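Here is the structure we will look at, set down as structure tokens.
The values are calculated or read from the model by the stated rules, or taken from the named source; none is laboratory data. Not measured: the values here are computed from a predicted model. We place every Cβ from the backbone using ideal geometry, glycine too, and count neighbours over all the protein chains shown.
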Amino acid sequence: MNLPLITRAQEHNEKIAILVPRGCANATNERAFTYRDLLHTSSQIATFLLKDAEDLQEQRVAFLIPPGFEYVTTQWGIWRAGGIAVPLCVSHPRPELEYAIANSGASIIVAHPNFEAILRPIAQEKNLRFILTSETLPDRVCRLPEVDIARRALILYTSGTTGKPKGVVTTHYNIQAQVTSLISAWEWTSSERILHILPLHHIHGIINVLTCALWAGAECHMLSKFDAEVVWNRICEGDLTLFMAVPTIYVKLIAAWENASSERQKRMTAGCAKMRLMVSGSAALPVQVLEKWQSISGHFLLERYGMTEIGMALSNPLHGQRYSGYVGQPLPQVEVRLVDEGGELVPPGTPGEIQVKGPTVFLEYWQNPQATAKAFQDGWFCTGDLAVVENGNYRILGRMSVDIIKTGGYKVSALEIEEVLRSHPDIQECAVVGVADPEWGERVCAALVLQPQRQLTLESFRSWAKEQLAVYKIPTRILTVEELPRNAMGKVTKPTVVELFHASSS
Ligand code: AMP
């Protein structure tokens, strides 16, 4: 039996699957690829990967290819040959690429020629097969193996804000559950057109956008990278139906909108109005951003919560009331519970750790049985995120590790404080962390990016904050920085922020 993604693609043969707009991936003209193209090229790639073998038998194939048709056909080719796809990040420096290749035990590397210089030496050193996407593919396609959906499909390396990244292994079955859950909740159809602007080594870009689109038989319009003006140009064309992004991207789109002429602003707003759904996730969506976006686009962003290990777990509804600051309720096929430190269920209104169970939950951390065992409690995956249920809706309070701060015995949420600080007229961006302190356990500290030409003293900041926050939540130290440290996904790396505070006090 073929993989379900492949069987479904066969139903959409002549439809456009991937569209690469002009100027992207060196395309001088817009390039459209049908599902038939996808199926044919991916079977050629599978044949090439197999060489004389009948089945890659879960060999890991690491690949580094910019967003576009070649990325997708390589990913599908690996799957159709029975391999495990290990997508690498186009912006990672050599040590990070080497780590993923070594940790996954990849036996083959597939690279776009742009990355030959960085990857060929790694392949040579490790004696791995090295393939360039520019190589000529075989005309004759061999008989491809039957790949059971229980087999491993994908290894994604998690952001790694703590320790070394872990390889999250999902099976074809997990992917099917993650995708069908979103397709039913957000009512994807084959007439959808989505703009893809997210990284393709991360669940958001791979599952929520790319694989959902291709599963549904929809069109996925792939930009090679995020550029606010290019995104707005595409939105202005008025033919997109769906858009998904992280909060930082919405912030950048808002800034570009504010800099546009009033004529262009009208076209931007009209383009948004043509869409049926705009989604935010992968990080907390500040209420101010949600409100500003609503005033610009007319869309009340649908915020959802998920994680590489579990796919998407909680979502505001497609129809019905969405609440700002909340991530809604469990998605189809997903079981969610909140537990206290002793593993007992907490009642509504009491914070607890989010634990998740069901077919969307990953199989294991790659070759790390200890970490896998530690991550589960009675068959439930422990997310390390705290949430509270209020009026039936989940509100994320932050990660148990860094965003939840224990100060003077009080448990406070860094996200909650940041939300307030962002409403200060002089503060552009901020990151709140807990810094170890002998008296308080942890002190609440805030790194701030100020608006241009503004200054802020601790005194005036604290007297302003007293109006907004319980006194124990108010940062006792502030540090003005040019920009916040972020990882490749654009998330603020809180351990680095903590280090900034240590460095500034020494
Ligand atoms: P990742 O595996 O890189 O997608 O990161 C997952 C983590 O992102 C989760 O464990 C949460 O801490 C965070 N996250 C995802 N969605 C949200 C959201 N809507 N609000 C707050 N945090 C989120």
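Glu187 meets each of the listed conditions (1) modelled with pLDDT of 95 or more; (2) touching a strand residue (DSSP E or B) at 6+ places or on another chain (Cβ under 9 Å); (3) crowded, with 22+ Cβ neighbours inside 10 Å apart from (3). Only residues that are under 21 Å from Ile203 (Cα atoms) and either within 16 Å of the ligand (Cβ to nearest atom) or not in a loop (DSSP other than H, G, I, E, B) (or both) were counted across the range 327-351, and they come to 8.
For the range 26-40, taking the residues that are in contact with a Lys or Arg (Cβ under 8 Å, 6 or more places away or on another chain) and modelled with pLDDT under 95, the one that is nearest to His196 (Cα to Cα) is identified as Glu30.
A single member of Ile122, Ile101 is assigned to a helix (DSSP H, G or I), buried (at least 19 other Cβ atoms within 10 Å of the Cβ), touching an Asp or Glu at 6+ places or on another chain (Cβ under 7 Å) and not polar (S, T, N, Q), and it is Ile122. Checked across the range 352-359, the condition of being more than 16 Å from the ligand (Cβ to nearest atom) and polar (S, T, N, Q) holds for no residue. Residue selection: Trp257 fails the criterion of being among the aromatic types (Phe, Trp, Tyr) and within 16 Å of the ligand (Cβ to nearest atom). Checked against the criterion of being away from the ligand (no atom under 13 Å from the Cβ) and either closer than 17 Å to Ala177 by Cα or at pLDDT 95 or above (or both), the range 302-316 has no qualifying residue.
Could you list all residues from the range 340-386 that are closer than 16 Å to Gly398 by Cα, of a type in the set (D, E, K, R) and under 23 Å from the mean Cα position of the chain (by Cα)? The answer is Glu353, Asp385. Here the strands (runs of 3 or more DSSP E) wholly within the range 417-506 that include at least 1 residues being under 26 Å from Ser282 (Cα atoms) and among the charged types (D, E, K, R) are 427-437.
On the given criteria, is Thr493 among the hydroxyl-bearing types (Ser, Thr, Tyr) and over 24 Å from Ala245 (Cα atoms)? No.
Restricting attention to the range 161-218, the residues that are farther than 26 Å from Asn233 by Cβ and of a type in the set (A, V, I, L, M, F, W, C) total 11.
Selection within the range 260-284: residues that are within 15 Å of the ligand (Cβ to nearest atom) and surrounded by fewer than 22 Cβ atoms within 10 Å (Cβ to Cβ). The member of this set that is farthest from the chain's Cα centre (by Cα) is Met278. Here Val90 passes the criteria (1) outside any loop (DSSP other than H, G, I, E, B); (2) crowded, with 16+ Cβ neighbours inside 10 Å except the one numbered (1).
When we screen Val168, Val147 for residues that are outside any helix (DSSP H, G or I), at pLDDT 95 or above and touching a strand residue (DSSP E or B) at 6+ places or on another chain (Cβ under 6 Å), the only hit is Val168. Close Cβ contacts (under 8 Å, 6 or more residues apart or on different chains) running from residues in the range 234-255 that are on the phi > 0 side of the Ramachandran plot to residues that are surrounded by fewer than 19 Cβ atoms within 10 Å (Cβ to Cβ) and not in a strand (DSSP E or B) comprise Gly238/Ala270; Gly238/Lys274. Residues that are among the polar types (S, T, N, Q) and buried (at least 23 other Cβ atoms within 10 Å of the Cβ) within the range 190-221 comprise Asn208, Thr211, listed in sequence order. Residue count for the range 242-254 under the criterion of being of a type in the set (A, V, I, L, M) and away from the ligand (no atom under 16 Å from the Cβ): the result is 3.
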